[in-house]
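Student: I have a structure here, written as structure tokens, and I will follow up with some questions on it.
The values are calculated or read from the model by the stated rules, or taken from the named source; none is laboratory data. Here the structure is a predicted model, which is why all the values come from computation and not from measurement. Positions of Cβ are generated from backbone atoms using ideal geometry, with glycine treated the same way; all protein chains shown enter the neighbour counts.
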Amino acid sequence: MIQSNPTFKRAPTWLAALMLAGGALALGGCNKGSNETAGEKLDSAVAKTERAGADAKAKTESSAAGAKEAAKDAGAAVATSVDDASITAAVSAGLAKDPDLSAIKIDVDTKGGTVMLKGPAPNAAAKSRAEEIAKNVKGVNSVDNQLEVKS
């Protein structure tokens, strides 16, 4: 059986009301300048989080697309340099087969499908043949014939 403590006195009603009012003021002070309810604040926080997630996803997709494009460009550059090297080799091989040009040192350089020929040519006909040999190689766009005819 529970016995009441005779020394405990009930708090006056006015004191309880004062304590409730103080608590309400304290809670209201935490929410100064905002008329949002707790539910509205939660909805706002969820919306901000969703926006941040969507922004992060967009940035990631953009970075991935940029990396993919950079890799594609790098691949194209490598393919071009390999093509240029094979063009240079084919032109040099073609020049080596010509009896008038084989004994002469002709520098062959290729960039972007354009072949540049530098060095001496024994005569004008050999200079023209060197240009034709270069033009007939697959992948050649143009020929810059800078061969000098020996006098």
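Student: Select from region 109-151 the residues that are out of contact with any strand residue (DSSP E or B) (no Cβ under 9 Å at 6 or more places or on another chain) and farther than 18 Å from A96 by Cβ and write down the one among them that is modelled with the highest pLDDT.
Tutor: K111
Student: Filter region 93-110 for residues that are buried (at least 16 other Cβ atoms within 10 Å of the Cβ) and either on the phi > 0 side of the Ramachandran plot or within 41 Å of the chain's Cα centre (by Cα) (or both) and give the result.
Tutor: V108, T110 - these are the residues of region 93-110 that are buried (at least 16 other Cβ atoms within 10 Å of the Cβ) and either on the phi > 0 side of the Ramachandran plot or within 41 Å of the chain's Cα centre (by Cα) (or both).
Student: What pairs come out if I take residues in region 100-112 that are closer than 17 Å to E132 by Cα and without any contact (Cβ under 8 Å) to a residue 12 or more places away in the chain and pair them with residues that are outside any strand (DSSP E or B) and β-branched (V, I, T) whose C-beta lies under 6 Å away, six or more apart or interchain?
Tutor: Filtered contacts from region 100-112: no entries.
Student: How many residues are at pLDDT below 70 and either under 43 Å from the mean Cα position of the chain (by Cα) or surrounded by fewer than 10 Cβ atoms within 10 Å (Cβ to Cβ) (or both) if we restrict to region 29-53? Let's see the steps before the verdict.
Tutor: Keep residues of region 29-53 that are at pLDDT below 70, which gives 29-34.
The next check asks that each one be either under 43 Å from the mean Cα position of the chain (by Cα) or surrounded by fewer than 10 Cβ atoms within 10 Å (Cβ to Cβ) (or both); those that pass are 29-30, 32-34.
Within region 29-53, residues that are at pLDDT below 70 and either under 43 Å from the mean Cα position of the chain (by Cα) or surrounded by fewer than 10 Cβ atoms within 10 Å (Cβ to Cβ) (or both) number 5.
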